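One structure below.
The values are calculated or read from the model by the stated rules, or taken from the named source; none is laboratory data. Note that the coordinates shown come from a computational prediction; the quantities given were computed from them, not determined experimentally. Because the Cβ atoms are built from the backbone with ideal geometry, glycine has one as well, and the counts that use them run over all protein chains shown. In case anyone asks, the SASA skips ligands and DNA or RNA and just uses the protein heavy atoms, side chains included. Shrake-Rupley method; radii C 1.70, N 1.55, O 1.52, S 1.80 Å.
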Amino acid sequence: MNISEIYFEGFRNLHDAVIVPDKGINVIFGKNAQGKTNLLEGIWLLSGNKSFRGVRDSNLIKFGCDHARICSKFFSEDREQSSEIIFWGSKKEVKLNGINQKSVTSLIGKLCLVVFSPEHLSLVKDGPKERRKFLDTAICQIKPSYAELISKYNKTLMQRNALLKDIPEHMGLLDTLDVWDYRLSVLGANIVRTRLNYVQHLESCAKKYHLGISAGKEEISLRYLCELPDEQCGSSANVKDAIEEKLKAGRQIDLRDGFTSFGPHKDDLEVTINGVNVRNFGSQGQQRSCVVSMKIAEAELMKKATEQEPIILLDDVLSELDITRQMFLLNEINNRQVFITCCEAASAERLKSGLLMQISNGSCLLRPQDTAFDSF
Ligand SMILES: Nc1ncnc2c1ncn2[C@@H]1O[C@H](COP(=O)(O)OP(=O)(O)OP(=O)(O)O)[C@@H](O)[C@H]1O
Ligand SMILES: [Mg+2]
């Protein structure tokens, strides 16, 4: 899968222009506030997802313009395809292969992208919520029915929590708690088993990339933490029974707090390097490398599931990384299209083959590899 042309019109600070990327590595180099992240954000929107910056659509339109338009030509599902999104305030027009679509979600799965942006460092720096979100989002991309499972679990959890709050005033309701424990444990077991399976595959891919990034010095390990003994995680039935038992055992505490204290909504993903927890002890470079390894592993699993090679967007990934790690990211993620942004000319010049683009005040300039940056 690759993008062969992107056209921006009235998008953020980018000048209206067609960009023709390389099928391999594309490095977008420029000073701060020139439009590098805007460019990646524009590409990302073509995947049919919301901005990774979590902003309103109206923010995407260039100041003073009434609409923004992003068009692409891309190769996917063994053929040339095209897509187009026009943002009019909060409304959107979407086309796929020239045909009007009802919603931007029609583009999901057509152009598969995986993005790393500095905000994703929260995956190792912040609390378990971010890691659960990462797992759930990644699994949803390759198993759409998982989204429904999560939604059912969350609804059931809300109902159990509401009941926990009602019971102290209406003791007759206590018996109905068994029904909710059962429902929650069936759905919860399904989530736990799916996440365990995903983490196992993610870990083996991430290990490969992390060894490469760290020049063989660091072994990353990923462990799903769910407070259930390993021997009980072997089958859905066992996990269901174990969750149900835990819910019953914690009932008094839950009734006191009015909240369900056990279940996949409390689980975590432990990330370690050479056996040491990255969240508590990892250096900035190690934390960044871990997230990147996990993101590239996510792309690899997406490829296995969809048989499409996702395009990888790495925003500001090279800062805080030493030369060996930069060289790996610039030159060793082969056989797929990658877009990497960076501020340092010295970093950009480590690219051995691919396309270098300089972005200045919203204008993209292609820079032949044998030209010095100064003369460009
Ligand atoms: N809707 C918009 N219209 C016009 N300009 C905008 C709009 N949204 C953002 N900008 C401007 O785009 C500029 C570039 O933003 P961007 O985040 O792409 O910078 P960057 O090159 O990634 O910088 P950094 O290296 O600091 O991350 C910012 O100065 C911002 O003010
Ligand atoms: Mg940026």
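Figures for the structure shown
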quantity	calculated
Which listed residue, of Leu149, Leu173, is open to solvent by 20 Å² or more (accessible area, probe 1.4 Å), out of contact with any strand residue (DSSP E or B) (no Cβ under 9 Å at 6 or more places or on another chain), of a type in the set (A, V, I, L, M, F, W, C) and without any contact (Cβ under 8 Å) to a residue 24 or more places away in the chain	Leu173
Filter pass, Asp22 being open to solvent by 40 Å² or more (accessible area, probe 1.4 Å), within 13 Å of ligand 1 (Cβ to nearest atom), touching a strand residue (DSSP E or B) at 6+ places or on another chain (Cβ under 8 Å) and not basic (Lys, Arg)	no
Residue check for Pro118: in contact (Cβ under 8 Å) with a residue 60 or more places away in the chain, more than 16 Å from ligand 2 (Cβ to nearest atom) and surrounded by fewer than 16 Cβ atoms within 10 Å (Cβ to Cβ)	no
Which numbered condition Leu113 misses (of (1) more than 14 Å from ligand 1 (Cβ to nearest atom); (2) farther than 30 Å from Gly282 by Cα)	(2)
Scan of segment 14-51 for residues that are touching a helix residue (DSSP H, G or I) at 6+ places or on another chain (Cβ under 6 Å) and more than 19 Å from Val104 (Cα to Cα), ordered by number	Leu14, Val27, Ile28, Phe29, Gly30
Qualifying residue in segment 74-88 (condition: within 13 Å of ligand 1 (Cβ to nearest atom) and surrounded by fewer than 21 Cβ atoms within 10 Å (Cβ to Cβ))	no
Residues satisfying the stated conditions in segment 303-328, i.e. touching a strand residue (DSSP E or B) at 6+ places or on another chain (Cβ under 7 Å) and away from ligand 1 (no atom under 16 Å from the Cβ)	Gln308, Pro310, Ile311, Ile312
Of all residues in segment 235-253 being of a type in the set (Asp, Glu) and under 14 Å from Leu177 (Cα atoms), the one that is least open to solvent (accessible area, probe 1.4 Å)	Glu244
Residue satisfying all of: in segment 36-58; free of Cβ contacts under 8 Å to residues at least 12 places away in the same chain and either of a type in the set (S, T, N, Q) or within 11 Å of ligand 1 (Cβ to nearest atom) (or both); most open to solvent (accessible area, probe 1.4 Å) among these	Val55
Output for segment 25-35, where each listed residue is assigned to a loop (DSSP other than H, G, I, E, B) and either more than 14 Å from ligand 1 (Cβ to nearest atom) or of a type in the set (Gly, Ala, Ser) (or both)	Gly30, Ala33, Gly35
Residues of segment 60-72 that turn out to be open to solvent by 60 Å² or more (accessible area, probe 1.4 Å) and touching a residue at least 12 places away in the same chain (Cβ under 8 Å), as a count	3
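Residue by residue, here is whether (1) at pLDDT 95 or above; (2) in a strand (DSSP E or B); (3) over 23 Å from the mean Cα position of the chain (by Cα); (4) on the phi > 0 side of the Ramachandran plot holds:
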site	(1), (2), (3), (4)
Leu14	yes, no, yes, no
Gly42	yes, no, no, no
Arg53	no, no, no, no
Cys65	yes, no, yes, no
Glu80	yes, yes, yes, no
